[in-house]
Amino acid sequence: MDVFVFKLILLLSVVIFVFDKKIQYFATLILQLTVSVISCWWAVSAFGADYAASPVPFMEFFGHPVTLEIDRLSAFFIFVINFTMLTGILYAKGYLKPYLEKKNRIEFALHFFCFLWLQISMLLVCMVKDGLAFLFVWELMSLSSFFLVIFDSEKVDAIKAGIKYLIQMHIGFVFILIAFLVAFLNTHSPFGFEGLSAYFANNSPFLLFLLFFVGFGIKAGFIPLHTWLPHAHPAAPSHVSGVMSGVMIKIGIYGILRVLTYIHSDLLLIGVFILVMSLISGILGVVMAIAQHDIKKLLAYHSIENIGIIGIGIGVGTIGIALELPVVAALGYAGGILHILNHSLFKSLLFYSAGSVYQQTHTRNIEQLGGLIKKMPKSALFFLLGSLAICGLPPFNGFISEFLIYSGMFRGLADGSLNADILMLAGFLGLVLIGGLAVFCFTKVFSIVFLGTARSDRTVNATEVSSGMLFPKILIGILILAIGFLPGLFMAPLNEIVMLFTGTYSIPENIDSVFTNISIVSIGFVALVAILWMLRKQQQQKCGKEPGVTWGCGYTGANPAIHQYTATSYANNLNDYSNQIMNIHSKKVVYEEDEIFPTDKEFSTHSTDVFEDNLVSKPTNKILFWLEKMAVFQTGRLQHYLLYALIFLLLVFLLTISNVI
Amino acid sequence: MLFDMTAIGIALALVLSILFPGIIAIVKAKTAGRKPPSILQPLYDVIRLFRKGTIYSSTTSIIFQLAPLVYAASVATALLFIPYFGGPGIFSFDGDFVFFAYLLGIGKFMMIIGAMDTGSGFEGMGANREAFYSLLIEPAFFLIMGSLALVTNHVSFLELFSALHLNTHLSYLVISVAVFVLVYITMVENNRLPVDDPRTHLELTMVHEVMVLDNSGFDLAIIHIASWMKFIIFGTIIANFLIPVLISIYIKIALFVGVQVAFAVVVGLLESFRARNKIAKNPQWILAMSSLAIIVFLTTLIITSKLILN
């Protein structure tokens, strides 16, 4: 019955095209809700069952049956996908309002249709194991998100970013396809995930894992496979960036995790590989984020950083399994998997808030913003919540997952041998650095966008966004606080998922008492702030409180709009030490010596992605250069083309008589 | 019994935190040949601030008002995590030092955005430096804690310190360098010499003092109190390194007070005889602390015979 309804929705999705603009939205919302309810129901029953994911026959696909198999890993991803997609569609209503006049009915219909299908395809990716069907829904996911990215299709940048995204996704697709084929041809077991266990049982797993890692890693955005991310996220409308960064890139992580469940040998090498790649992604991701002025590009780089943190957790967990350190394995995986959920929460919150800022100010350049907290206090508050959470600060949810990873690593230091110690040392130093850099970055972006005074007249007309746009943020905020303050509640289900990877190793029992302590401290901490607030209120009633101006250090001409810190100057400190990565170029016009009455001078900085320059732009430019040379042959004259045909025939003839072909 | 000792420890720490800045001031005055102020002078200053009204710049928002409170609350809460006299802190669990470090982090985060909220270029400069320096010093603290986890096979403050002294006499090798690094971590965390000079009156070279330029009245008072407590927190961590476990509780208390006073004197002497770093050289200097901490880590690897040299 439920499968039937699910299929019915797949068919019904087409009706979005016949509706009017206003009804389209509600049709999509209803369809999405139904899909979510059904899939969540499946997920809940998968958690309830003793395990043994029972396959549900779904459909025939080119002659062979496709079944839906939901184990606890799939169930976890189903929850994450559904929640973020629903907050996305709720937020979209307000966000798309300004577009209602610009876009016609079909464009809107296509957008909603793709949004719905993005959810459906992601759900199916997590549910099917058959190779062909998996690749099919994987492709559907890439296509639907491609159409979502190019919603602003009148902008050249959006189209460019979309095509870049589409090409890179297909490169990833090829890698996954090859990986499946290798396993299939080697073992003659079924094509798909099922066949992997046979392959991994008899072959050294690392090379095949590497293929999968590249394929799925392009989706996830591990450095240096990330170059589509900083373009696609800013180009897409904010609800799309939110769900893409919140869940879609995690589907890449799902792929890696799914493959990992089949590997039982050579895990040390794989674990170290994942750890190293994740450390690179984490540290370089956040350093590159600091260099950005475009708020959504900055958040995109932070997605790369957080993929790195997730990877650190998974890497540490895998190393733990390989070295037979039960606590390390369980805590590493627990931290990594919980961070998937956490990142989907605070990253979508941040993107939605950034989208609200964009909607009100029509700019993503943070150098033109400032002082928005006075005009959009609620959005500012949500952005602050997201910032604190993404920096991994207590008492918010980001801290909980990082804490789990830290606990695993320190346990590893204590229990492990020399090589475990060195790996854990690298791991926790990386995580500490990432944390510090994230604080650096988010103090920058929050202060520049929301605090101080306006840096341009872009913010003049900004007002608080509609309550419809705030509502999904409230939902996310509640979950962020719930995980942050009551982490103990989430440990039992998390343990179920972790055991898929670690076998018998489970999260240690004492984590409950640890989290009880953390809950108490967190609540106490907030209470202490509240008490201090009351005390100050009383003191100020007695002693007075008055407005003034910012102290200009004796200089009365100080004008905050001109003299306050900018994003460039804030990042400059770090830039001295990491310009190889941040790659900031500044352009300035200097004063000439004989210039008695100087004219206005300009100064600007911009940052380019080192990896993109060297791995994508330069090689493709080289290829383009040679391809353009080839254009000599395209003369446009029929005689020449006939000549080519003649030469070709002659060649075939000669090769045939000399027995070459 | 142990819990009572912790209560006594916290009470003692709070009393000492009031005296701490006074002791530093006295030492500095004595070495400079000036007449020292009363040991309670900092307390009088703070009491005076509590009687004053507050001025809020019209550029600022709620963040500016919230920041000092979160900062003070974070430091006060952090005080409850450290073990006193070998007994557990009020909160003691596996990985508590991670929570401790990140808790101080949220206080810093709020102070930084609080300073940025004023829209003052000077405060922006201070905030930016604070963010940069604290990101550089963090690895050193974690490395020290990691080394302790290596030596003791434990992962909570209490067990780290209590097992440290029982483990092997070789651990004293670690202790000496670790204490040296911790003293300088304290100086960076509290923005004292050689990273930042609290006496300077040139805003361009200030870090912490310039961040609080616009704070006044109640806010400024609790910021001061929080800085005192921060000194005591790190002083207590150092005391935990130095005080052996298996001695009578009275000697422990005496040693505790002794270590804290000695720490204050050391800070005073350091501030009297040490010139401040060039501001541009600060990052290298702070990173040097992390490299020292890495040496501590490698030493522990050798001590625990995990790394065998031959």
Problem set entry | Relative contact order %, segment A:320-538, counting alpha carbon pairs below 8 Å whose residues are six or more apart | 34
Exercise. Put +1 on the Cβ of each Lys and Arg and -1 on the Cβ of each Asp and Glu in segment A:320-538; which of A:Leu486, A:Leu535, A:Gly336 then has its Cα farthest toward the positive end of the dipole?
Worked result: A:Leu535
Seminar exercise, completed: Relative contact order of chain A (C-alpha contacts under 8 Å, at least 6 apart) in percent is 12
Problem set entry | Helix-only [θ]222 nm of chain A, DSSP H runs n ≥ 4, -39500 (n - 2.57) each, per residue, nearest 500 | -24000 deg cm²/dmol
For this session: Would you mind getting the Kirkwood hydrodynamic radius of the protein assembly as shown from its Cα pairs, rounded to one decimal in Å?
Result: 30.0
Seminar exercise, completed: Lys and Arg at +1, Asp and Glu at -1: neighbours of A:Val514 with Cβ under 13 Å from its Cβ sum to -3
Exercise. Taking H as built 1.01 Å from N, whose amide H comes closer than 5 Å to the amide H of A:Arg455, not counting residues under 5 places away?
Worked result: A:Leu369, A:Gly370
Problem set entry | Long-range amide H partners of A:Leu68 with built H, under 5 Å | A:Val56, A:Phe58
Exercise. Could you give the dipole magnitude of segment A:609-661 about its Cα centre, charging the beta-carbon of Lys and Arg +1 and that of Asp and Glu -1, in debye to the nearest 20?
Worked result: 300
Exercise. Could you give the dipole magnitude of the protein assembly as shown about its Cα centre, charging the beta-carbon of Lys and Arg +1 and that of Asp and Glu -1, in debye to the nearest 20?
Worked result: 1660
Seminar exercise, completed: Here, trypsin sites (Lys or Arg not before Pro) of segment B:14-88 satisfying both criteria (DSSP loop; at most 14 other Cβ within 10 Å) are B:Arg34
For this session: Treat each spin label as a single point 7 Å out from the Cα along the C-beta direction, and report the A:Lys102 to B:Ser58 distance in nm.
Result: 3.6
Problem set entry | Loop-located GluC sites (Glu not before Pro) in segment A:292-374 whose Cβ has at most 15 other Cβ within 10 Å (DSSP) | A:Glu324
Seminar exercise, completed: Once normalised by the length of chain B, the mean sequence separation of its alpha carbon contacts under 8 Å that are 6 or more apart gives a contact order in percent of 29
For this session: Round to the nearest 10 and give me the degree value, 0 to 90, for the angle of helix B:171-189's Cα axis relative to the longest principal axis of chain B.
Result: 10
Problem set entry | Neighbour net charge for B:Met206 - beta-carbon separation under 11 angstrom, K R +1, D E -1 | -3
Seminar exercise, completed: Once the in-chain neighbours fewer than 8 apart are removed, the lysines whose Cα is under 17 Å from A:Lys22 read A:Lys93, A:Lys97, A:Lys102, A:Lys103
Exercise. Taking only DSSP H segments of four or more residues, each worth -39500 (n - 2.57), what value at 222 nm results for chain B once the sum is divided by all its residues, to the nearest 500 deg cm²/dmol?
Worked result: -24500 deg cm²/dmol
For this session: Have a look at A:Ala414, A:Gly392, A:Ile120 and report the one farthest towards the positive end of the charge dipole of chain A, computed about the Cα centre with Cβ charges (Lys/Arg +1, Asp/Glu -1).
Result: A:Ile120
Problem set entry | Dipole magnitude of segment A:1-189, debye to nearest 20 (Cβ charges: Lys/Arg +1, Asp/Glu -1, about Cα centre) | 620
Problem set entry | Helix B:41-51 axis, angle to chain B major axis (alpha carbon atoms, nearest 10°) | 50
Seminar exercise, completed: Taking the alpha-carbon centre of each part, the distance from segment A:407-433 to segment A:605-647 in Å is 49
For this session: Rank B:Ile286, A:Asn559, B:Val98 by how far each Cα sits towards the positive end of the charge dipole of the protein assembly as shown (+1 on Lys, Arg Cβ; -1 on Asp, Glu Cβ) and give me just the farthest.
Result: A:Asn559
Exercise. So which GluC sites (Glu not before Pro) in segment A:432-533 are both in a DSSP loop and have at most 16 other Cβ atoms within 10 Å of their Cβ?
Worked result: A:Glu464, A:Glu509
Problem set entry | Karplus-derived 3J(HN,Hα), 6.51/-1.76/1.60, for each residue of segment B:121-129, Hz, glycine and proline x | x, 5, 5, x, 4, x, 4, 4, 5
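Bear in mind these aren't lab numbers, they're just calculated from the coordinates by the rules spelled out. Because the structure is predicted, anything quoted here is derived from the model rather than measured. No Cβ is skipped: glycine too gets one built from the backbone with ideal geometry, and neighbour counts run over all protein chains shown.
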